[in-house]
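Accompanying notes for the structure given below.
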Amino acid sequence: MTAVIDYDAGNLKSVEKALAALGERPVFTREPSKLLAADRVILPGVGAFGDAMEKLRQYGLVDVIRQVAEQGTPFLGICLGLQLLFDSSEESPGVSGLGLLPGRIRRFPESAGLKIPHMGWNSLSIRPDTRLFAGIEAGAYVYFVHSYYLQAEDETAVAAWSEYGVPFHAAVEKGNVFACQFHPEKSSDTGLRILENFIRL
């Protein structure tokens, strides 16, 4: 069973549609027992870092997510779901993230000719040997919508990079924890292959 964490952070319909295209019937839940029993768990999300962490706390999900990760269940963060896995974000000073991986979320610097948020298709530089990107060629295009980007402390956890004014970490893979800053569910065949790689782990 694939469980998708429902914490009022949006983007659930497109995730459901993409998983359905792969033959999955995900369960959308915030019940700890279902999340802890799932074969794999997805944390989607759009919106603000601080608001999302408040929702996770309100629903009692912070410790549950840490337990899911600690017990070795494959775990995938998408967009805001990636950002929440790290320590902090410049979007919400003083708010702690989940801290599953070391690093922080930074705002894209103002740059001539580049609009913020970064919205659209960008190519990826992909680390060879990653499970999440198995069968995907370097330079593949994926769809982004974000104003903040990941600066991971552990370079060995970075699975893919991209660039928008500055180079940034676009995906991570560390043990059973995976995450994409882009939206695989909106990234055509490439995105479906990434999701398929995850659900076939």
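Every read-out reported here was derived from the displayed coordinates using simple, explicitly stated rules and does not represent laboratory data. Since this is a predicted model, take the numbers as computed values, not measurements. So basically every Cβ, Gly included, is an ideal-geometry build from the backbone, and we count neighbours across all protein chains shown.
Taking max minus min of the alpha-carbon positions on each principal axis, the chain gives extents of 48, 40, 30 Å, largest first.
For K174, a cut-off of 20 angstrom between C-alpha atoms picks up these aspartates and glutamates, skipping any fewer than 8 places away in its own chain: D39, D63, E70, D87, D129, E153, D154, E155, E196. The length gained by stretching the chain between T29 and R57 to full extension, at 0.36 nm per residue less their Cα-Cα distance, is 8.6 nm.
Distance distribution note for the stretch 1-104: the fraction of Cα pairs above 23 angstrom is 20%. The Stokes-Einstein estimate for the stretch 3-55, based on a Kirkwood radius over Cα pairs and taken at 25 °C with 0.890 mPa s viscosity, is a diffusion coefficient of 210 µm²/s. Restricting the stretch 65-159 to GluC sites (Glu not before Pro) that sit in a DSSP loop and have at most 16 other Cβ atoms within 10 Å of their own Cβ leaves E90, E110, E137, E153. Please report the spacing between the Cα centers of the stretch 155-201 and the stretch 121-148 in Å, no decimals. So the separation of the two Cα centres works out to 6 Å. For the stretch 93-201, the relative contact order comes to 27 percent (Cα pairs under 8 Å, sequence separation of at least 6). Loop-resident chymotrypsin sites (Phe, Trp or Tyr not before Pro) (DSSP state other than H, G, I, E or B) in the stretch 83-159 with no more than 16 further Cβ atoms inside 10 Å of their Cβ are absent. Within straight-line reach of K186, meaning a Cα separation under 23 Å, sit the following lysines at least 8 residues removed in sequence or on another chain: K13, K17, K115.
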